[in-house]
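Working notes for the structure below.
None of the figures in this text is laboratory data; all of them are computed from the coordinates on show. Everything numeric here is computed off the predicted structure, so don't read it as measured data. Here the Cβ positions follow ideal geometry from the backbone for every residue, glycine too, while neighbour counts run over all protein chains shown.
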Amino acid sequence: MLHNMLTGAPVMLLCLILQALFVVLTLRLYLRLRPQSGKIGPVTSIVLLSLVMLLMLLGNFIQMALWAVLYLLLGEFADFSTAVYFSGVTFSTVGYGDVVLSEHWRLLSPLEAGNGILMFGVSTAMMTATLVDIIKRHNL
């Protein structure tokens, strides 16, 4: 169990740093692009929300790819496509079970799932904050 934690911890830490980076960059971009005063129209609202959602998803996809690289380095999967598929299913906590890790590394799965649910939570909070700001400024 300890070897799983020690192996997954650096990837988790990198994911946390990446998520923080994407949040900061997305917030800065959002604040730079949104009108500083007055109401926000529907087209601007759609563009701003879409941009925030796309950037946050990109950050999550990069994190899934990092976990996939770890699985490849450990020899768990033969190709990147399968590793990314498993990582995406695990990171999103869907967990189909059609592709699994070996018994030796299987405890990396809940570690990645915990990491993923936390990162999706941060992404959701970011999108919610953006939506609240847009609602306050929307020209209805």
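Ranked for footprinting exposure by Cβ neighbours inside 10 Å, fewest first, Met1, Met64 give Met1, Met64. Over all Cα pairs of region 13-79, how is the pair count split among 5 Å bins, expressed in % and running from 0 up to the last occupied bin? Pairs per bin, as whole percents: 3, 16, 19, 17, 13, 11, 8, 6, 4, 2, 1, 0. In region 68-113, inverting the average of 1/r over every pair of distinct C-alpha atoms gives 10.3 Å as the Kirkwood radius. Compared with the dominant principal axis of the Cα atoms in the chain, helix 2-33 is inclined by about 10°.
In this structure, the amide hydrogen of His138, modeled 1.01 Å from its nitrogen in the peptide plane, lies closer than 5 angstrom to those of Ile40, counting only residues at least 5 positions away or on a different chain. If you take the square roots of the eigenvalues of the alpha-carbon gyration tensor of the chain and sort them as a ≥ b ≥ c, do you get rounded (a/c under 1.5), prolate (a/b over b/c) or oblate? Note, shape of the chain comes out prolate.
From helices alone, the chain scores -27000 deg cm²/dmol at 222 nm; the rule is -39500 (n - 2.57) for each run of n ≥ 4 DSSP H residues, then divide by the residue total. Against the main long axis of the alpha-carbon atoms of the chain, helix 80-91 sits at an angle near 70°.
Rounded to the nearest 10 degrees, the inclination of helix 108-137 to the longest alpha-carbon principal axis of the chain is 0 degrees.
Taking other Cβ atoms within 10 Å as a rough exposure proxy, Lys39, Lys136 sort from fewest to most as Lys136, Lys39. Counting every other Cβ atom within 10 Å of each residue's Cβ, Tyr96, Tyr30 order from fewest to most as Tyr96, Tyr30.
Rounded, prolate or oblate: which fits region 79-140 when a ≥ b ≥ c are the square roots of the eigenvalues of the alpha-carbon gyration tensor, with rounded for a/c under 1.5 and prolate only if a/b beats b/c? Prolate shape, in that a/c is at least 1.5 and a/b is the bigger ratio.
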